[in-house]
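The structure appears below as structure tokens.
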Amino acid sequence: PSDITGGIVNYPSLLSGGSILVNDGNLAANLKTKATRSGIGFGGGKLFLVVARSSSVIDLAGIFKSLGATDALNLDGGGSAALYEGRYRAGPGRNLPTAIIVK
């Protein structure tokens, strides 16, 4: 038995144990292009939610590492990326059927 009642998965993993997992050799071309990207990460007891404009997935991994995350996962980007804090700080580019809510 576990206290975990849900989970999030997407591709690719960005960081594991503080190491960047993505590079030019292991990504499809669309993940190397600059676009709006989003991700979720954890490190030092903190949860990081990032929406980065004009970033590749490799850039996003570097952003998480610079913030102090040790583990991070790429989420859906483009029109699916949004950040709401009392108002939309970024996006969305379309109606979103799902959300990660931190309260």
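The values are calculated or read from the model by the stated rules, or taken from the named source; none is laboratory data. All of these numbers come straight from a predicted model, not from anything done at the bench. Cβ atoms come from the backbone with ideal geometry, glycine included; neighbour counts cover every protein chain shown. What goes into the accessible areas is simple: the full protein's heavy atoms, side chains included, and nothing from ligands, DNA or RNA. Shrake-Rupley method; radii C 1.70, N 1.55, O 1.52, S 1.80 Å.
Miscellaneous remarks
- Any hit, segment 36-44, residues being at pLDDT below 90 and not basic (Lys, Arg): no
- Within segment 19-35, the set of residues being in a helix (DSSP H, G or I), in contact with a helix residue (DSSP H, G or I) (Cβ under 8 Å, 6 or more places away or on another chain) and not aliphatic (A, V, I, L, M) comprises Asp24, Lys32.
- Residues located in segment 36-55, provided they are closer than 23 Å to Val102 by Cα, in a strand (DSSP E or B) and over 13 Å from the mean Cα position of the chain (by Cα): Gly43, Lys46
- Residues of segment 56-77 satisfying the condition of being without any contact (Cβ under 8 Å) to a residue 60 or more places away in the chain, within 21 Å of Asn26 (Cα to Cα) and not in a loop (DSSP other than H, G, I, E, B): Val57, Ile58, Asp59, Leu60, Ala61, Gly62, Ile63, Phe64, Lys65, Asp71, Ala72
- Among the residues of segment 36-57, those identified as out of contact with any helix residue (DSSP H, G or I) (no Cβ under 7 Å at 6 or more places or on another chain), of a type in the set (A, V, I, L, M) and more than 13 Å from Asp71 (Cβ to Cβ) are Leu49, Val51.
- Filtering segment 8-29 to residues that are touching a residue at least 60 places away in the same chain (Cβ under 8 Å) and either farther than 18 Å from Ile101 by Cα or open to solvent by less than 20 Å² (accessible area, probe 1.4 Å) (or both) leaves Tyr11, Pro12, Ser13, Leu14.
- Residue match in segment 77-97 (condition: open to solvent by 40 Å² or more (accessible area, probe 1.4 Å), within 19 Å of Asn23 (Cα to Cα) and touching a helix residue (DSSP H, G or I) at 6+ places or on another chain (Cβ under 9 Å)): no
- Selected residue (only one of Lys32, Lys103, Lys46 is basic (Lys, Arg) and surrounded by 14 or more Cβ atoms within 10 Å (Cβ to Cβ)): Lys32
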